[in-house]
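The values are calculated or read from the model by the stated rules, or taken from the named source; none is laboratory data. These numbers come from a predicted model, not from an experiment. With ideal geometry, Cβ positions are generated from the backbone for all residues, glycine too; neighbour counts draw on all protein chains shown.
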Amino acid sequence: KNAEGKYTVTLIEGDGIGIEISKSVKDIYSAAKVPIQWEPVDVTPQLVNGKTTLPKEAIESVFKNKVALKGPLATPIGKGHVSLNLTLRRTFNLFANVRPCKSIVGYKTPYDDVDTVLIRENTEGEYSGIEHTIVPGVVQSIKLITKPASERVIRYAFEYAKSVKKPHILVVHKASIMKLSDGLFVNTAKEVAKEYPGITLDFELIDNTCLKLTTDPTQYSNVVMVMPNLYGDIMSDLSSGLIGGLGLTPSGNMGDNVSIFEAVHGSAPDISGKNLANPTALLLSSCMMLRHMELNSYADKIENAVLKTIASGPENRTKDLKGNAGTDSFTKKIIENL
Ligand code: NAD
C-alpha cells in the first residue's frame, strides 16, 4: 500500500487482444475507484545462455508487488523459445492454477447450471519441455511427474476445498494407462488425504469425467477437481465451452509468495485489433485477484456490473456471446452499470 492508500499491482498487458482487454480493465477500475495502482511491465523474453528469461525489471516488479494481472501471451511455435507462460509459472513457482467455471445468468447455453472448479498442476507433466529426436522421424516427449510437485498442488486443493466449503476432492487422472506417472499423482493424493479426515477423496478417469461433465455438469458442483497439467488445460477449455466460451473463464496461478491472475484464453490472433474481444474473462480474473487481496466489495461491484451487462441483452454483448457490442461499448455499459 502506498502513501495514497493504493496497492501496487504488476500489469502484464499481453499480446494480441491482451492490449484491448487490459484497457477495458483499466478503464473499469478507474471508474469503480478501485484502490489499485497498475505497474505495467514488459515481458519480451530475453535469451540468456540459450535459456528464455524474463526482463529483470519484470521479475523484480512481480516479486515486490506479490500480485499481478496478466493478459494472454502468444507462444511462438518451434522458434527455440520456451513458452513465456511456462517461464512465468516457473520463475515465480506458481504451482497451482485455479479455474472456476460458472454459468452466466442471462446468457443461455445448453447448460444452465455449471458451477465447477478445477485445480491444474502448473509446473510439470507433459509441459516439462523435455523432448528430443531419437532418430529422424522418431521423437520422444517426457511426461515428468514428481512427488513434491504433486503433493503441493494436491495439498493446495485440499486447503481450497476447506476454504470454499466443498469438502470433496476429485482426482482426475489416467492411471489405468500411465500407471507410474499418474499412479504417483493418485497415490500422493491418498497420502495427503490422511491429513484431512473431514474431506472425501474420490478418483475418476479423465475420459469418464469428460463424458459425465458434458452429460450433466451438476454432478461436479460440489467437488473440487485436481489433476495433472495437460488434463487441466484441456478440461478447463471444455468447461468454458459449456458456459459460452473462452471469453468468460478466469483463473489464478497461485504460488507460495506470488500470484498471477489471468484469463484462460490466449491472444486470439483471429480477432485481435478489431474491437471484438470479450474482456469478461480478464475482468473476472481481476475479481479473483481482488478477493485474494481482500478487496471483496470492489470485486462484487465489478462482477455484478459485468454480469448485469451480459444479462441485459445481445445489444450489450460481444460477438462471441452472439451480441453486437464492441469491446469498447461493452466496457462503457459495464461502467454505467457499476
Ligand atoms: P485462443 O484462446 O487465443 O483462441 C481460441 C478461440 O477463442 C479463437 O477463435 C478466439 O477468437 C476465441 N477467443 C479467445 N479469447 C476470446 C475473447 N476474450 N473474446 C472473444 N473470443 C475469444 O487460442 P489459440 O488461438 O489456440 O492461441 C493463440 C495464442 O495464444 C497462441 O500463441 C497460444 O500459445 C497463446 N495462448 C496463451 C495463453 C496464455 O497466455 N495463458 C493461453 C492459451 C493460448
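Here are some notes:
- In segment 321-338, the residues that are among the hydrophobic types (A, V, I, L, M, F, W, C) and surrounded by fewer than 19 Cβ atoms within 10 Å (Cβ to Cβ): Ile335, Leu338
One line per residue, one yes/no per condition, for (1) part of a loop (DSSP other than H, G, I, E, B); (2) touching a residue at least 24 places away in the same chain (Cβ under 8 Å); (3) not charged (D, E, K, R):
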{"site": "Ser176", "(1), (2), (3)": "yes, yes, yes"}
{"site": "Asp182", "(1), (2), (3)": "no, yes, no"}
{"site": "Met225", "(1), (2), (3)": "no, yes, yes"}
{"site": "Met235", "(1), (2), (3)": "no, yes, yes"}
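- Comparison of Asp207, Asp233, Asp202 shows that the only residue that is charged (D, E, K, R) and within 11 Å of the ligand (Cβ to nearest atom) is Asp233.
This table checks each residue for (1) at pLDDT 95 or above; (2) under 15 Å from the mean Cα position of the chain (by Cα); (3) assigned to a strand (DSSP E or B).
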| position | (1), (2), (3) |
| --- | --- |
| Thr75 | no, no, no |
| Gly78 | no, no, no |
| His81 | no, no, no |
| Asp112 | no, no, no |
| Thr116 | yes, yes, yes |
| Ile119 | yes, yes, yes |
| Thr123 | no, yes, no |
| Glu131 | no, no, yes |
| Ile154 | yes, no, no |
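Rundown of residues vs (1) aliphatic (A, V, I, L, M); (2) in contact with a Phe, Trp or Tyr (Cβ under 9 Å, 6 or more places away or on another chain), yes/no style:
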{"site": "Leu69", "(1), (2)": "yes, yes"}
{"site": "Pro72", "(1), (2)": "no, no"}
{"site": "Leu88", "(1), (2)": "yes, no"}
{"site": "Asn93", "(1), (2)": "no, no"}
{"site": "Pro100", "(1), (2)": "no, no"}
{"site": "Ser103", "(1), (2)": "no, yes"}
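- Filter pass, Val98 being touching a Ser or Thr at 6+ places or on another chain (Cβ under 8 Å), outside any loop (DSSP other than H, G, I, E, B), within 16 Å of the ligand (Cβ to nearest atom) and aliphatic (A, V, I, L, M): yes
So that you can scan it fast, the table gives a plain yes or no per residue for (1) of a type in the set (Gly, Ala, Ser); (2) surrounded by fewer than 20 Cβ atoms within 10 Å (Cβ to Cβ); (3) more than 9 Å from the ligand (Cβ to nearest atom):
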{"residue": "Ile243", "(1), (2), (3)": "no, no, yes"}
{"residue": "Ser251", "(1), (2), (3)": "yes, no, no"}
{"residue": "Asp256", "(1), (2), (3)": "no, yes, yes"}
{"residue": "Phe261", "(1), (2), (3)": "no, no, yes"}
{"residue": "Asp270", "(1), (2), (3)": "no, yes, no"}
{"residue": "Gly273", "(1), (2), (3)": "yes, yes, yes"}
{"residue": "Asn278", "(1), (2), (3)": "no, no, no"}
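- Test: residue in segment 148-155 that is exposed (fewer than 15 other Cβ atoms within 10 Å of the Cβ) and within 15 Å of Ser181 (Cα to Cα): yes
- Taken over segment 301-320, residues that are assigned to a helix (DSSP H, G or I) and surrounded by fewer than 21 Cβ atoms within 10 Å (Cβ to Cβ) amount to 11.
- For the criterion of being over 12 Å from the mean Cα position of the chain (by Cα), away from the ligand (no atom under 15 Å from the Cβ) and of a type outside the set (Asp, Glu), Lys301 passes.
- Within segment 43-79, being exposed (fewer than 15 other Cβ atoms within 10 Å of the Cβ) and more than 15 Å from the ligand (Cβ to nearest atom) holds for Gln46, Leu47, Val48, Asn49, Gly50, Lys51, Pro55, Lys56, Glu57, Glu60, Phe63, Lys64.
- When Ala161 is tested against (1) under 23 Å from Gly255 (Cβ atoms); (2) free of Cβ contacts under 8 Å to residues at least 40 places away in the same chain, only condition (2) is not met.
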